[in-house]
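Bear in mind these aren't lab numbers, they're just calculated from the coordinates by the rules spelled out. Quick caveat: nothing in here was measured; it's all calculated off a predicted structure. Backbone-built Cβ (ideal geometry, glycine too); neighbour counts: all protein chains shown.
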Amino acid sequence: MKQPVLLVAEDNELDALLMLRLVERCGNSFKMMHVPHGEAAIDYLRGAGEYGDRTQYPLPSLLLLDLKMPRKDGFAVLRWRQENLSHAGLPIVVFSSSNLPEDVSRAFALGANSYVVKPSDPDRLERLVRALHEWWVGFNVAVPPR
Amino acid sequence: MTTSAPQSRPLQWLSHPLTRWSISTLLAVVGGALVFEAFDVSVFKRIGMAHEFCYLREPRLIWLHVISDVLIGLAYVSISATLSYLVYKASRDIPFNWVLLAFGLFIVSCGMTHFMEVWVVWEPVYWMSGYVKVVTATASVATAVALFPLVPKVFLLIEAARKSERRRVEIEQLNSELERFNYSVAHDLRAPLRGIRGYGQALREDFGERLPPVAKDYIEKMQRSAAQMDDLICDLLKYATVGRQEIERRPVALDATLQSVQALLEAEIRATGAQITLPANPPVVMADTTLLQTVFQNLLGNAIKFVAQGVKPVVEIAVTRDGGEMVRITVTDNGIGIPPDARAQVFRIFERLHPEFQGTGIGLAIVHRAIERLGGKIGVEAAPTGTGTRFWFELPAA
């Protein structure tokens, strides 16, 4: 089976590196790709510019989306996905440090598939990476990326 | 529960102010006439018969003046009565109430002048009418003079009211800005902590074997400090949230809340082997579900945590209701207890009585704030058995 791609939209470089390490620790169940802000996430999904090369930038099976990012934030990415049906089948898991009820409900209203508050306990983060794979790749049925 | 059935109210028109006013006017006129009759100043016999030369002895002219004067007089009396009532009821909230009273006096005397006009039609009491006019003139001039210096003060008052309204809006804006600020500070502070903890973990996991035990111990201490700071920020955030979140007071079943709290504390309960007794007939109280859960989570968490080494926590939650409107809930434990002289300050933020136990000193401050927002009371005393603590709080019954 082909290795599923996890796209991580995260402006904090250190957080993204930590996530990459955990993905590797969890037996590379995902191939992790990283974009530093919302605009890059949209470009990646659209295949704009350098992201057009799908051998180097394969379409993801799951998007882990931070909310507070420069350029375009997570909400903008969610809105873009709502307006572009070609990515309707891509599950988006919001991954934010905010547990403000208004952020959560706004994310779901914009079509987020799940909302996870960033755990600060490293062990919990590792469990989360495993769980993400188990749920979104193992159990969840998604429209294959086109 | 109150039920409001639609009722037919046949006398509803009576409550209209104009109707009331007309009825009282009519009664006053008739009553006045009867009084005059009693004092042998016959009104009814003299109708249409004014004294010499008065209003040309023309009945229509006389009635025109009499009716108008009576109505004006009654209206003046009614206005001054309303003003006095207003000043009496709200004297502290109305500025310049003495001016209002003077104004009332002025209006009463104006009314009297008009009543005199009516009397003069039938009796030539010109002197008396003149004296009443002198009184009216004095009151009028006094009110007029007193009113002048008031004008700038009224403007100041209006300006002050506008200012305080502006300030209220400003404060509201500042408050919501501060809330957003608190939130982003808390979240932005936690992000680097995640880094410290995460990379500490990475260091330990990836290079642990190559590190001397002291180095590993240092990493552990560093991570524990970071975790502690994270707890602190989390608790501060919770404390702020409890103070500002919108609450919805409605009937909350105590047993459901207690069950969900027990589920939240399951790990701690299992680890310590704590024994928790729930009330036999848990009542329904007026509260906000989330806040009540926070209260129990902190109180139960403390009861399980603060026990002497080797002691199995035994916690009893009981409910008493002495017929009043409040339900009293007690949480009694067999823990290390709180010395009597420290009981006053346990609810203060950052107050830590037992530094040997880990904690932020915010939990009970959160509880206190939550109970306050729910309109209840809270206190602490020694457990009846002598060892341990009993927290009690009262909430309105549903």
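Under conditions of 4 °C and 1.567 mPa s, the stretch B:185-249 yields 96 µm² s⁻¹ as its translational diffusion coefficient, taking Rh as the Kirkwood radius over Cα pairs in the Stokes-Einstein equation. Extent of the stretch B:214-337 along its three principal axes (Cα atoms, max minus min coordinate, largest first): 63, 37, 24 Å.
With only the Cα atoms considered, chain B has a convex hull volume of 279 Å³ per residue. For A:E102 and B:L86, a Förster radius of 56 Å and the Cβ-Cβ distance give a FRET efficiency of 0.80, rounded to the nearest 0.05. Taking amide hydrogens as placed 1.01 Å from N in the peptide plane, the amide H of A:Y115 sits under 5 Å from those of A:V94, each at least 5 positions away in sequence or on another chain.
Helices assigned as whole DSSP H runs in chain B whose Cα atoms extend at least 18 Å along their own long axis and whose mean Kyte-Doolittle hydropathy is 0.0 or higher are found at B:17-38, B:59-89, B:97-122, B:126-147, B:289-305.
P(r) tail for the protein assembly as shown: Cα pairs beyond 32 Å make up 68% of the total. Peptide B:181-191 is shielded by partner chain Cβ atoms: per residue, an average of 3 of them sit within 10 Å of its Cβ. Peptide B:198-207 shows a mean partner chain C-beta count of 4 within 10 Å per residue C-beta. Farthest towards the positive end of the charge dipole of the protein assembly as shown, among the residues B:V331, B:A33, A:A88, is the Cα of B:A33, using unit charges on the Cβ of Lys, Arg, Asp and Glu.
Peptide A:13-25 is shielded by partner chain Cβ atoms: per residue, an average of 3 of them sit within 10 Å of its Cβ.
Take each peptide in A:4-16, B:183-195, count the other Cβ atoms within 10 Å of every residue, and average; sorted highest first, the result is A:4-16, B:183-195. Taking Cα centre as origin and charging only the Cβ of basic (Lys, Arg, +1) and acidic (Asp, Glu, -1) residues, the dipole magnitude of chain A rounds to 420 debye. Considering only beta bridges that DSSP places wholly inside chain B, some 90 percent are antiparallel. Compactness check for the stretch B:81-150: Cα Rg over 2.2 N^0.38 Å is 1.32. Of the residues B:Q259, B:G104, B:I378, the one whose Cα sits farthest toward the positive end of the charge dipole of chain B, with +1 on the Cβ of Lys and Arg and -1 on the Cβ of Asp and Glu, is B:G104.
Each Lys and Arg contributes +1 and each Asp and Glu -1, all at the Cβ; summed about the Cα centre of the protein assembly as shown, the dipole is approximately 380 debye.
Between the alpha-carbon centers of the stretch A:36-91 and the stretch A:116-130, tell me the distance in whole angstrom. About 23 Å separates the Cα centre of the stretch A:36-91 from the one of the stretch A:116-130.
With all pairs of different C-alpha atoms in the average, the Kirkwood value for the hydrodynamic radius of the stretch B:271-388 is 15.1 Å. Computed log10 I(q)/I(0) for the stretch B:353-398 at 0.16, 0.20, 0.23 Å⁻¹: -0.58, -0.81, -0.93, from the Debye equation with unit scatterers placed on every C-alpha and solvent omitted. Based on DSSP H segments of at least four residues, each scored -39500 (n - 2.57), chain B has a per-residue ellipticity at 222 nm of -21000 deg cm²/dmol.
For the stretch A:1-53, the average shadow cast by the Cα convex hull is 4.0 nm², which is a quarter of the hull's surface. Reported value for the stretch A:42-144: 121 Å³ per residue, from the convex hull of its C-alpha atoms. The mean sequence separation of alpha-carbon pairs under 8 Å and at least six residues apart, normalised by the residue count of the stretch B:306-398, gives a relative contact order of 32 percent. Only beta bridges with both residues in chain A are counted; by DSSP, about 0 percent of them are antiparallel. Taking the DSSP beta bridges in the protein assembly as shown as the whole, what percent of them are antiparallel, to the nearest 5? Just about 55 percent of them are antiparallel. Only the Cβ atoms of Lys and Arg (+1) and of Asp and Glu (-1) were treated as charged; on that basis the dipole of chain B about its Cα centre amounts to roughly 320 debye. A simple packing score, the average count of other Cβ atoms within 10 Å per residue, orders the peptides A:46-57, A:99-110 as A:99-110, A:46-57, with the highest score first.
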